[in-house]
Amino acid sequence: MRSGYGTAETVLSTEEIREIIGAVLPEERIRQKRILVLTPDSTRTCPLPAMVRAVRDLAGASAARLDFMVALGTHTPMPADKILELYGLDEQQKNRFATSSFLNHRWDREDTMTRIGWIEADEIERLSGGRLRERVPVDINRAIFEYDLIVICGPVFPHEVVGYSGGAKYLFPGISGGEFLHAFHWLGAVVTCAGTIGIKHTPVREVINKAMELIDTEVVCLSMVVKSQTDLYGLFAGGYQEAWSAAADLSEQVHVIEKERAYPTVFGICPPMYDEIWTGGKVMYKLEQVVADGGRLIIYAPHITEVSRTWGKDIERIGYHIVDYFLEQPGKFTDIPRGVLAHSTHVRGTGAMQDGIERPRIEVVIASQIPPETCAKINLGYMDPKLIDPEEFRNRESEGILFVEKAGEILHRVKHSL
């Protein structure tokens, strides 16, 4: 069963949102069920407090249990007070959730995961279009087996690894980990960000959907399409593939801007919700395709002070490189998680190796509090944010300069480039 609708012009009302959710979570479906709601963390724009309250109002009285988990993937775990802030719950509102637990996906703890099966090498080869051939174990947060129903509640945007985010991604990698996570991130790197982002059917999405076949617990998906922290342009509810698919179709209308040409200079403002390069790299992912060959992308992020709280040492060791840099020396970085290698290639972008020399297609410059010597070490350009007035880059498209405010969610590409 699927419910929901949306357009690129109209904001859904509170009544419409509750009607859509209620259609797939009727009382007879949720009565005395133990329900786990999976949500994004603070690096995604969406009206999450309103959605959390709507689910609570519709399901809280009938469900035997209603808990919420932040599907972090490998992002930094959130303190308890920050989770409540994420869900918009003050002390008074928290009382309405007195019987609910608010959980992190603790991917960083060994006792979090349990192995639910394998995807065989032949299947990986088929799904990846021959790019990978390996037998991959599939691990998931063991907590899901304490529940009768999983509700995915998250937005859909163009995404660098899977094409469009949302849907089954809230389980893989949202609440998964281990070799499977790193395998499919590396697959995304081999395909390249430019060959993946904003494309609905991708090898990585197929691998994730295959892993979902190992999940026996019932799954319902609430897929949002948003333009701001409060405005919901579409909401599609139902099976994790059907609801996600409808939302991805609308996301293509809402979150993709096609320009007539590429620009020698692109200036993207990194919003505060991306507080390290690990997430701030999304500015590159969404803007890479509108930078002209040999051009320059400036990521303006004066609030960023570190590369990655989790993977910073690994990234500082290997630096940022095009994917062929790693493919040509497969034995050099075997001790580095492949998800980290994938991040490296996505931030550096496409390019080629010529006679052993790396030649990226564009220059990537970061204007942050990360010092110039560190930027040089990790193979990124440096600009001092204190010497930059962003307004000097605005309204200069006729001069070959594209200015993008709050970069990182809206995909920019050259018209007819796909």
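Which of the strands (runs of 3 or more DSSP E) contained wholly in the stretch 228-288 include at least 1 residues that are under 30 Å from ALA367 (Cα atoms) and in contact with a strand residue (DSSP E or B) (Cβ under 6 Å, 6 or more places away or on another chain)?
Correct list: 256-259, 263-269.
Spot the failing condition for ASP81; the list is (1) farther than 24 Å from PRO173 by Cβ; (2) in contact with a Ser or Thr (Cβ under 7 Å, 6 or more places away or on another chain), and only one is missed.
(2)
Quick one: is ILE298 at negative phi, in contact with a strand residue (DSSP E or B) (Cβ under 8 Å, 6 or more places away or on another chain) and free of Cβ contacts under 8 Å to residues at least 40 places away in the same chain? Step through it out loud before you land on a result.
Values: at negative phi: yes; in contact with a strand residue (DSSP E or B) (Cβ under 8 Å, 6 or more places away or on another chain): yes; free of Cβ contacts under 8 Å to residues at least 40 places away in the same chain: no.
Criteria not met by ILE298.
Give the residues of the stretch 206-243 that are surrounded by fewer than 17 Cβ atoms within 10 Å (Cβ to Cβ), of a type in the set (Gly, Ala, Ser) and over 28 Å from THR114 (Cα atoms), sorted by residue number.
The one that is surrounded by fewer than 17 Cβ atoms within 10 Å (Cβ to Cβ), of a type in the set (Gly, Ala, Ser) and over 28 Å from THR114 (Cα atoms): SER228.
Look at GLY268 and say whether it is buried (at least 24 other Cβ atoms within 10 Å of the Cβ) and of a type outside the set (Ser, Thr, Tyr).
yes
Among the listed residues LYS313, LYS259, which satisfies the condition of being under 30 Å from GLY177 (Cβ atoms), more than 21 Å from the chain's Cα centre (by Cα) and modelled with pLDDT of 95 or more?
Sole residue among the options that is under 30 Å from GLY177 (Cβ atoms), more than 21 Å from the chain's Cα centre (by Cα) and modelled with pLDDT of 95 or more: LYS313.
Quick one: how many residues across the stretch 206-227 are farther than 20 Å from THR43 by Cβ, touching a strand residue (DSSP E or B) at 6+ places or on another chain (Cβ under 9 Å) and not in a loop (DSSP other than H, G, I, E, B)? Before the answer, list the steps.
The initial filter retains those residues of the stretch 206-227 that are farther than 20 Å from THR43 by Cβ, namely 206-207, 209-220.
From the residues that got through so far, the ones that are touching a strand residue (DSSP E or B) at 6+ places or on another chain (Cβ under 9 Å) too are 207, 210-220.
Remaining after also requiring not in a loop (DSSP other than H, G, I, E, B): 207, 210-212, 218-220.
Residues flagged as farther than 20 Å from THR43 by Cβ, touching a strand residue (DSSP E or B) at 6+ places or on another chain (Cβ under 9 Å) and not in a loop (DSSP other than H, G, I, E, B) within the stretch 206-227 amount to 7.
Please name all residue pairs, on different chains or six or more residues apart, with Cβ atoms under 7 Å, provided the first residue is in the stretch 88-111 and is closer than 20 Å to ALA63 by Cα and the second residue is at pLDDT below 90 and in a loop (DSSP other than H, G, I, E, B).
Every condition considered, the pairs that remain are PHE97/LEU89.
Checking PRO173 against (1) modelled with pLDDT of 95 or more; (2) more than 25 Å from ILE30 (Cα to Cα); (3) crowded, with 24+ Cβ neighbours inside 10 Å: exactly one of these is not met. Which one?
In the conditions (1) modelled with pLDDT of 95 or more; (2) more than 25 Å from ILE30 (Cα to Cα); (3) crowded, with 24+ Cβ neighbours inside 10 Å, PRO173 misses (1) alone.
The values are calculated or read from the model by the stated rules, or taken from the named source; none is laboratory data. What you see is a predicted model, and the numbers here were worked out from it, not measured in a lab. Note that we place each Cβ from the backbone using ideal geometry, even for glycine, and neighbour counts take in every protein chain shown.
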